[in-house]
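> Okay, here's the structure, questions in a sec.
The values are calculated or read from the model by the stated rules, or taken from the named source; none is laboratory data. The structure presented is a predicted model; accordingly, all values stated were derived computationally and were not measured. Note that we place each Cβ from the backbone using ideal geometry, even for glycine, and neighbour counts take in every protein chain shown. SASA here: full protein model, heavy atoms, side chains in, ligands and nucleic acids out. Shrake-Rupley method; radii C 1.70, N 1.55, O 1.52, S 1.80 Å.
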Amino acid sequence: TVEHLAGSAFRRQTNIMSVIIDDAAYAQEGSKVYAGNLSWETDDQQLSELFAQYGTVVSATVERSRGGRSMGYGLVTFASAADATYSIESLDEQDFGGRKIRVRLDRGPTAAKTKAPRAADAEPRDKVVEPLKVFVMNLNFDTTDEELSAHCAAHGTVTSIELLTRGRNNRPSGSAIVEFGAEEDAKAAIASLEGSELGGRPLRVREYYTA
């Protein structure tokens, strides 16, 4: 726990807990995520910034060899299992650093004996659905508010578009929050826009959750 770590620096950023702590003691069971197929240039900070969009990150570490070379995967621990599930649903097979990353629950050293639950089977227990909003993923980084609004407008009145960014330089994250004027419009958009193409990329669309 934090009390057992003398001299730890505790600095909060948005959704990031930058402190070295005992993951097993702090985090819930099922809150550690494996992120594979990372680019060799990805570092701990970039990994943390990516996953912090989907919940409170306790720690994010790119695994490295003894020589300091990235091994192409990392482990991210969230404060809750719901946040971990949310990140898996949102980020698995998404482009990051020029590569399609694979995201799943970390199976730990007993992977061969214990079958990890699939993300699709886990419910976002601590999340609340915002009925007027939908979460859009796998956007082309060049997509504008106007283009996304026009793409969604066929299914109802779009009241707001928020293109999400990451990092200190506000780089596009490839995801957005779209708000509709009516709940039935949001539901229709989720059903119709999933897999539709915009900017040369198939969109992933689902309900939007808040803690």
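> With every protein chain left in place and a probe of 1.4 Å, what is the accessible surface of residue 141, to the nearest 10 Å²?
Accessible area of residue 141: about 100 Å².
> Still on this structure, I have one more. Looking at the range 63-107, which trypsin sites (Lys or Arg not before Pro) are in a loop (DSSP not H, G, I, E or B) and have at most 14 other Cβ atoms within 10 Å?
When the trypsin sites (Lys or Arg not before Pro) of the range 63-107 are filtered for loop state and at most 14 Cβ neighbours within 10 Å, 66, 69, 107 remain.
> Next up: Over the range 147-211, give the accessible area per residue in Å² for a 1.4 Å probe, as an integer.
Ligands and nucleic acids excluded, the result is 52 Å² per residue.
> Using a 1.4 Å probe over the heavy atoms of the protein chains, calculate the carbon and sulfur portion of the accessible area of the range 161-211 as a whole percent.
43
> Given N residues in the range 137-182, what is Rg(Cα) / (2.2 N^0.38 Å)?
Relative to the 2.2 N^0.38 Å estimate, the range 137-182 comes out at 1.17.
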